[in-house]
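Okay, structure first, notes after.
The values are calculated or read from the model by the stated rules, or taken from the named source; none is laboratory data. In this text, all values refer to a predicted model and were calculated from it rather than measured experimentally. Neighbour counts are summed over all protein chains in view; Cβ atoms, including those assigned to glycine, are modelled from backbone coordinates with ideal geometry.
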Amino acid sequence: MSDPKSKTSDQQVLATALMKCVEETFTSKGNLAFSNTPEFKARNIIEYDSKMQVSGLEKFNDPAYVAAVNFYLTEELQKKRDTCGAIIAFVEEDSSSRLLKALGYSGFKDEDEDLIMDKCGEFCSFLAEKFKEELGKSGFKSFLLSAPVKGKNNVPGGIDFPYHQYTYHEASFYVWKKKIFVVDVVMSPEFS
């Protein structure tokens with residue numbers, strides 16, 4: 001994996017897999033269409049106290065719900081919290097209820113922040129599972145998924161991430177003529 005072309009190719013596979021998972025989910029579960037072309041870009045990881053810091057306010061300039069799922073190559077590494085990657089989902093607060101309901105999530109009221117956070121966690125887990133399946137089709141190693149961690153505007157304490165990674169990739173999605181969903185992915189290069 002020391003070949004730069006290989007790393008670029010792996011990042012393209014990640015981008016394609018992530019975009020495909022979100023698009024298929026939005027289309028099949030919610031019959032939702034994108035109002036703009038999704039955006040995908042590399043970003044620098046902000047680390048504090050050995051954790052990746054995440055902020056919904058940074059994604060939308062408005063409050064957001066955040067959920068994350070970590071990836072582990074083995075149960076032993078999961079017990080040690082030695083992650084090979086993570087997927088982090090951000091849902092803009094003003095659109096959160098509408099989006100979750102469109103995707104088939106129910107049993108919550110628009111003002112019930114705790115239940116909305118739980119539904120965002122469920123949705124992040126669903127996307128992580130789809131992402132895992134899609135990467136498997138591209139020859140990536142299989143991995144275990146953690147339970148989701150969640151919060152409003154951030155995840156208290158941050159997210160575990162592969163410590164030798166300095167960048168993550170961010171995909172932004174536009175529905176109803178505004179950016180309402182962002183998903184970040186960070187993966188260890190030797191993962192593939």
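So the values come out like this:
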| quantity | calculated |
| --- | --- |
| Some residue of the stretch 92-115 being under 18 Å from L18 (Cβ atoms), of a type in the set (A, V, I, L, M, F, W, C) and out of contact with any Ser or Thr (no Cβ under 9 Å at 6 or more places or on another chain) | yes |
| Hits in the stretch 49-66 (condition: over 22 Å from E111 (Cβ atoms) and either assigned to a strand (DSSP E or B) or among the aliphatic types (A, V, I, L, M) (or both)) | K51, M52, V54 |
| Flag if K51 is among the basic types (K, R) and either surrounded by fewer than 18 Cβ atoms within 10 Å (Cβ to Cβ) or modelled with pLDDT under 95 (or both) | yes |
| Test result for S95, in contact with a Leu (Cβ under 8 Å, 6 or more places away or on another chain), of a type in the set (S, T, Y), part of a helix (DSSP H, G or I) and surrounded by fewer than 23 Cβ atoms within 10 Å (Cβ to Cβ) | no |
| A128 being aliphatic (A, V, I, L, M) and either within 23 Å of E58 (Cβ to Cβ) or in a helix (DSSP H, G or I) (or both) | yes |
| Residue within the stretch 15-25 that is assigned to a strand (DSSP E or B), modelled with pLDDT under 95 and buried (at least 16 other Cβ atoms within 10 Å of the Cβ) present | no |
| Where a residue in the stretch 71-83 is free of Cβ contacts under 8 Å to residues at least 60 places away in the same chain and closer than 17 Å to S50 by Cβ and its partner, wherever it lies, is surrounded by fewer than 16 Cβ atoms within 10 Å (Cβ to Cβ) and aliphatic (A, V, I, L, M), with Cβ under 9 Å and at least six apart | L77/L144 |
| Residue list for the stretch 114-136, restricted to those being in contact (Cβ under 8 Å) with a residue 40 or more places away in the chain and of a type outside the set (D, E, K, R) | I116, M117, C120, G121, F123, C124, S125, F126, L127, A128, F131, L135 |
